[in-house]
Structures are given as structure tokens and as C-alpha cells.
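Here is the structure we will look at.
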Amino acid sequence: MRIHTEGLKESSLALEFEQKAEVFPVLHELIRKRECEFTAPIRIRLKAARIGEMVEVEGNLKTTLRLTCGRCLTEFVGPLATDFAITYVREGYDRVADDAPAEGRTEAEDAGLIGFRGEEIDLTEGIQEQVVLCLPMRPLCREDCKGLCVACGADLNVGECDCRRQPPAGPFDALRHLRLEKD
């Protein structure tokens with residue numbers, strides 16, 4: 001997954017390809033830890049254009065993955081898709097003169113750019129970052145998931161449970177039975 005910047009001098013470049021999630025180090029680690037399972041390869045469609053010493057990469061990615069619902073603990077397969085824009089800058093290009101004041105200096109990472117050297121850009125890190133950013137923090141099998149009963153653990157999506165649920169005790173619950181003597 002590399003782009004040669006020499007080919008971008010005259011025109012932009014359009015690419016479409018698929019990659020297995022295991023190719024990306026962070027995604028491979030998520031799979032190894034069983035936090036998710038990619039059920040399809042990651043389909044990537046992008047367009048790259050050179051602007052001076054920067055390369056702007058815009059595109060989208062799509063895949064499907066198996067996750068565990070954060071409310072009812074049911075496994076489900078859902079789509080994952082996002083549009084993205086990544087800007088790469090040649091390392092050393094973003095630096096100002098060494099004698100400039102420190103507050104005037106900027107680094108590529110501070111500006112949200114990814115640095116590259118030579119005439120080749122490796123897209124692995126940038127695409128991997130986009131996949132991780134669109135992973136749900138708390139996956140839900142469906143928006144109206146009722147979750148599990150806090151008392152007996154029954155799946156409330158299947159039906160109501162027979163246990164007698166008490167409202168959760170609040171921080172002032174102990175004061176409910178407090179009786180003060182009047183003078």
C-alpha cells in the first residue's frame with residue numbers, strides 16, 4: 001500500500017484495493033485480543049493529489065466486523081464505513097529556520113500531518129488510524145437494545161424477566177430511613 005509521489009507531479013492518482021485487517025499492526029492486535037473480528041477485507045477507494053511538498057489523500061473505506069454488544073453481550077456483525085482525508089508532508093518541509101523562536105515552530109504531527117521520506121508514501125499507518133477512529137467505543141447490536149437485567153442477567157431483548165427489580169440505590173439512599181428527633 002504505497003504511493004509513488006513521482007507519478008503525482010502531472011495529475012492525481014485514483015486507487016481501489018482490498019486488504020486483510022491482519023496486514024495492519026494495530027488491527028492485528030485487536031483481532032489477537034478478540035476485541036473484534038473482521039468478517040470481510042477492508043475495501044479502500046482513494047484519490048491522491050500532490051500540492052507542493054504535500055500529498056492529499058481522500059477516500060473511503062468499508063468492511064464488516066463481528067463485535068460484542070456493550071449492553072446485552074450478544075455477538076453481531078455490522079458494517080464499518082468512513083470517508084477520510086489524510087495529508088502527508090515531506091519530512092523537513094514543515095520546519096522553520098533553526099534560529100526562529102520555539103513558539104513559531106510547527107511539527108507535522110502537531111498539525112495533523114503524517115511525514116514521509118523519499119518518493120514513496122506508505123499508506124498503512126494512515127488507513128489503520130482511520131479504521132480505529134471509526135470503531136464504535138461501545139458497540140450496540142441495535143439502537144433500541146434493552147441490555148441485561150441488573151439483578152438476574154436475563155437478556156431483556158428476548159423478554160421481561162421474572163425477578164423483582166429494585167431501583168438502584170442512589171447516594172442518598174441511606175438517608176431514607178433516617179429519623180431526626182425534634183426538640
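The values are calculated or read from the model by the stated rules, or taken from the named source; none is laboratory data. What you see is a predicted model, and the numbers here were worked out from it, not measured in a lab. Neighbour counts run over all protein chains shown; Cβ positions are idealised from the backbone, glycine included.
Among residues belonging to region 119-144 that are touching a Ser or Thr at 6+ places or on another chain (Cβ under 8 Å) and not β-branched (Val, Ile, Thr), point out the one that is modelled with the lowest pLDDT.
The extreme case among them is Glu119.
Where in region 7-85 are there strands (runs of 3 or more DSSP E), lying fully within it, with 2 or more residues that are touching a strand residue (DSSP E or B) at 6+ places or on another chain (Cβ under 9 Å), among the charged types (D, E, K, R) and over 19 Å from Asp122 (Cα atoms)? If you could, list the steps in order and put the result at the bottom.
Numbers: elements: 13-19, 42-51, 54-68.
In region 7-85, the matching strands (runs of 3 or more DSSP E) lie at 54-68.
Residue by residue through region 44-68, note down the ones that are surrounded by fewer than 19 Cβ atoms within 10 Å (Cβ to Cβ) and more than 30 Å from Glu91 (Cβ to Cβ).
Within region 44-68, Lys62, Thr64, Arg66, Thr68 meet the criteria.
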